[in-house]
Amino acid sequence: MYPILTLKPGKEGALGFRHPWVFSGALQGIPREIGQGAIVRVEDQHGKIIGTGTYSAHSMIAVRIFDFADCILDQEWFAARLRRAEERRRWFDLGVGESDAGYRVVFGESDGIPGLVVDRYADVLVLQIATAGMESLKELVVRALIGFYAPRAIIERSDLPVRREEGLSEAAGVLYGEDVDRVEFREGELRFIADVKLGQKTGFFLDQRELRRRSMRYAADREVLNLFSYTGSFAAAALKAGARSVHNIDGSQSALDQITAQLELNQLTTSSVTAECADVFNWLSMHDDPCYDMIIVDPPALIKTHRDAESGSKAYHFLNRAALRLMRTDGIFVTSSCSAHYSEDDFAVMLRRASVQAGVTLEILETIRQSADHPISIYFPESLYLKSFICQVRR
């Protein structure tokens, strides 16, 4: 059986309500024989086992709970968790029957597998491992994924800076099957290409599925500015919905170079699409004419830790205020934040200030969160990280 860690008196509260993190200060003491990444059981003062998880000696989060029971984390356990995650996604027309679909298969704590992300692009799986505990269980996970999905390939993209905090080096490569670079997949009525070897995250931003879908209803006959465009998924969605033109701006030329392929895959004309490699902040500093009917602002996380809160908040304010100056009246403003440490309320307050300073009025049409394959857990508030507003702009 797994070694036991004991909670200090009065520290059972969060675990009792199924929050999956146990902080180091809540534990009575750590036996020397329990190593980094070990599977452990957590008990209360009365010897009752509260959960089973993995231990980290290098993080304030000392234990990540996988199961609120005394259990064995074996291949069968992981297979059961995969089945449960897959059943949830079938409610949203995703699942094993969709052979060419792209969606998130496992979303860490929200799916009861802390430290693990798995994305599916048609018949290729891409996984990321963030913790030492999950690293020690990687072989079991890979076997469970092969048994459940029978993929053509499993690619690892654990090139995450957070791994250093766990004493792990970054890792990337083929774990199973073919050596693939780019994979075509379907998202609703659109088709995209995921760069699973060199692209950002696991190769694509699947979490914006819902925002892409919902923004399409507003794009017809509009001139669109797509900031932080990456490989042009929002451009494809806008053109599919009848946009007159899309100007894409991103700091990565290699990402911009892939826009044409994304458009051609969807049989969309490229003549009304332009791309510009530039730092978005600098670009906005040099433009202030209201010449766009629709602007999409989808930056990377600008607040990655609590230490970034002040500088990140200022960055969000600058981006949105500057972009709003470029909006024509009755235009559509689509703006997002993927910073978990920046709440939806904080985001709304910033938009209020930015709009007043830009001399416009915002009318919220829709509030959208991360797509359903990135589930938000009622027991794990930290799972809510992506929030977006679609607004109409009045001058």
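The values are calculated or read from the model by the stated rules, or taken from the named source; none is laboratory data. Quick caveat, the model's predicted, so the values are computed rather than measured. FYI the Cβ positions are ideal-geometry reconstructions off the backbone, even for glycines, and counts take in every protein chain you see. SASA here: full protein model, heavy atoms, side chains in, ligands and nucleic acids out. Shrake-Rupley method; radii C 1.70, N 1.55, O 1.52, S 1.80 Å.
The coefficient of translational diffusion for the stretch 137-220, derived via Stokes-Einstein from the alpha carbon Kirkwood radius under 10 °C and 1.306 mPa s, stands at 106 µm²/s.
For the stretch 1-51, what relative contact order do you get, as a whole percent, if you take Cα pairs closer than 8 Å and at least 6 residues apart?
Numbers: 57 pairs, mean separation 26.6, N = 51.
The normalised contact order for the stretch 1-51 reaches 52 percent.
Working from Cα pairs under 8 Å separated by at least six residues, relative contact order for the chain is 11 percent.
Just to be sure I understand the curve: with the Debye formula and one point per C-alpha of the stretch 328-386, what is log10 I(q)/I(0) at q = 0.14, 0.27 Å⁻¹? Treating every Cα as an identical point scatterer, log10 I(q)/I(0) equals -0.48, -1.22.
Distance between the modelled labels on residue 33 and residue 80, one decimal in nanometres: 2.7 nm (7 Å Cα→Cβ projection). A Förster radius of 56 Å, combined with the Cβ-Cβ distance separating residue 44 from residue 191, puts the computed FRET efficiency at roughly 0.60. Kirkwood hydrodynamic radius computed over the stretch 48-120 comes to 13.6 Å, based on all pairs of distinct alpha carbons.
Every pair of different Cα atoms in the stretch 218-342 enters the Kirkwood calculation, which places the hydrodynamic radius at 14.9 Å. Solvent exposure of the chain amounts to 44 Å² per residue of accessible area, where only protein heavy atoms count and the probe is 1.4 Å.
Near residue 190, within a Cβ-to-Cβ distance under 10 Å, what is the net charge of the other residues, with Lys and Arg +1 and Asp and Glu -1? Write out the running numbers ahead of the final one.
Values: positive: 186, 191, 209, 212, 213, 240; negative: 187, 189.
Local net charge: +4.
With charges only on Cβ, +1 for K and R and -1 for D and E, what is the dipole size of the stretch 1-52 about its Cα centre, in debye, rounded to 20?
Numbers: 6 positive and 4 negative charges, 11 e Å.
Around 60 debye, computed over the stretch 1-52.
Given a cut-off of 25 Å, what percent of all Cα-Cα pairs of the stretch 82-237 lie beyond it? Spell out each step's value before the answer.
Details: 3753 of 12090 pairs.
Percentage above 25 Å: 31.
Computed from point charges on the beta carbon alone (+1 for Lys and Arg, -1 for Asp and Glu), the dipole magnitude for the stretch 1-113 about its Cα centre is near 320 Debye. Summing Lys, Arg as +1 and Asp, Glu as -1, what charge do residues with Cβ under 9 Å from the Cβ of residue 172 carry, residue 172 excluded? So the surrounding residues net to -1.
Angle of helix 309-324 to the longest C-alpha principal axis of the chain, folded into 0 to 90 degrees and rounded to 10: 30°.
Over all orientations, the stretch 146-304 has a Cα convex hull whose mean projected area works out to 11.3 square nanometres.
Are there trypsin sites (Lys or Arg not before Pro) in the stretch 174-265 that DSSP marks as loop and that have at most 15 other Cβ atoms within 10 Å, and which are they? The partial results should precede the final answer.
On the way: sites: 182, 186, 191, 197, 201, 209, 212, 213, 214, 217, 222, 240, 244; in loops: 197, 201, 222, 244.
Answer in residue order: 244.
Give me the angle, in degrees from 0 to 90, between the Cα long axis of helix 344-358 and the longest principal axis of the Cα atoms of the chain, rounded to the nearest 10. Approximately 20 degrees, to the nearest 10. Expressed per residue, the C-alpha convex hull volume of the chain stands at 137 Å³. Pairs of lysines in the chain whose Cα atoms sit within less than 29 Å of one another amount to 18, provided the residues are eight or more positions apart or on different chains.
Which FRET efficiency value, to the nearest 0.05, is calculated for residue 289 and residue 330 with the Förster distance at 22 angstrom and r the Cβ-Cβ distance? List each step's numbers first, then the result.
On the way: r = 17 Å, r/R0 = 0.76.
Efficiency computed from Cβ-Cβ geometry: 0.85.
Relative contact order, whole percent, for the stretch 242-332 stands at 30, derived from Cα pairs under 8 Å and 6 or more residues apart.
Among rounded, prolate and oblate, which fits the stretch 203-285 when a ≥ b ≥ c are the square roots of the eigenvalues of its C-alpha gyration tensor, a/c under 1.5 means rounded, and a/b larger than b/c means prolate? Rounded is the answer for the stretch 203-285, as its axis ratio a/c remains below 1.5. For the chain, the share of accessible area belonging to carbon and sulfur comes to 50 percent (1.4 Å probe, ligands and nucleic acids excluded). Given R0 = 22 Å, the distance between the Cβ atoms of residue 220 and residue 365 translates into a calculated FRET efficiency of 0.90.
Test of understanding: given the chain, find the longest segment containing no GluC sites (Glu not before Pro) that are in a DSSP loop and have at most 16 other Cβ atoms within 10 Å.
Working: sites that count: 33, 98, 170, 178, 189.
After excluding every exposed loop site, the longest remaining stretch is 190-395.
Among the trypsin sites (Lys or Arg not before Pro) found in the stretch 10-57, those both in a DSSP coil and sparsely packed, with 12 or fewer other Cβ atoms within 10 Å of their Cβ, are 32, 48. Rounded to the nearest 10 degrees, the inclination of helix 138-149 to the longest alpha-carbon principal axis of the chain is 60 degrees.
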